[in-house]
1. Taking segment 107-137, which residues are modelled with pLDDT under 90 and touching a strand residue (DSSP E or B) at 6+ places or on another chain (Cβ under 9 Å)?
2. Take residue 42 and tell me if it is assigned to a strand (DSSP E or B), in contact with a helix residue (DSSP H, G or I) (Cβ under 8 Å, 6 or more places away or on another chain), surrounded by 12 or more Cβ atoms within 10 Å (Cβ to Cβ) and modelled with pLDDT of 75 or more.
3. Which condition from (1) modelled with pLDDT of 65 or more; (2) over 30 Å from residue 57 (Cα atoms) is the one that residue 147 breaks?
4. Could you please find all residues in segment 61-80 being surrounded by 14 or more Cβ atoms within 10 Å (Cβ to Cβ) and over 30 Å from residue 19 (Cβ atoms)?
5. Residues to consider are 106, 83; find the one that is over 17 Å from residue 55 (Cα atoms) and surrounded by fewer than 14 Cβ atoms within 10 Å (Cβ to Cβ).
């Protein structure tokens, strides 16, 4: 014999409010999970991402990488064989979607690969090589090795240019310098 269920007005109110939200297209009382759900793994010199995409046409999936951010876009189409009035419960989302994930490190975008099998998208992302400090060898020039001489020599112009060449302004081709105009009326050339 069936047991009678005790009448609980608060439970009935909660169920009715939940149905109202579902009819309006909003979320029910449950937490909305991001779509697609995914796992991110680190395997040596690469990251591996598995994303669940059941019912998504592989041709609608776009994968892009910018620095340390992976973005997946796509569309899950609604089953056109079922009309709105036939649904009694609809939990599988449909329509366009996008999901971005920040990775712990930058990756080599030109070497990323993606494939899908049985509704699971598999993305392999090789890590970018971290720049290492590089030692720069310092060579000694021939000549006097006195530290005082070296300090003064570092401040001197290169030997290929004379001091007068470094002080002289460049003139357009074919022009000669007019020294008289460069000297003011109260100044002398001596």
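The values are calculated or read from the model by the stated rules, or taken from the named source; none is laboratory data. Owing to the predicted nature of the structure, the values given are computational and were not obtained by experimental measurement. Please note: Cβ atoms are built from the backbone with ideal geometry, for glycine as well, and neighbour counts cover all protein chains shown.
1. 128
2. Working: assigned to a strand (DSSP E or B): yes; in contact with a helix residue (DSSP H, G or I) (Cβ under 8 Å, 6 or more places away or on another chain): no; surrounded by 12 or more Cβ atoms within 10 Å (Cβ to Cβ): yes; modelled with pLDDT of 75 or more: yes.
So residue 42 does not fit the description; no.
3. Against the list (1) modelled with pLDDT of 65 or more; (2) over 30 Å from residue 57 (Cα atoms), residue 147 comes up short only on (1).
4. 61, 63, 65, 68, 70, 72, 73
5. Checking each option against the conditions leaves just 83.
Conditions tested, residue by residue: (1) under 30 Å from residue 131 (Cβ atoms); (2) free of Cβ contacts under 8 Å to residues at least 60 places away in the same chain; (3) part of a loop (DSSP other than H, G, I, E, B); (4) out of contact with any helix residue (DSSP H, G or I) (no Cβ under 7 Å at 6 or more places or on another chain).
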residue	(1), (2), (3), (4)
23	no, yes, no, yes
49	yes, no, no, yes
63	yes, no, no, yes
71	yes, yes, no, yes
74	no, yes, no, no
82	no, yes, yes, yes
105	yes, yes, yes, yes
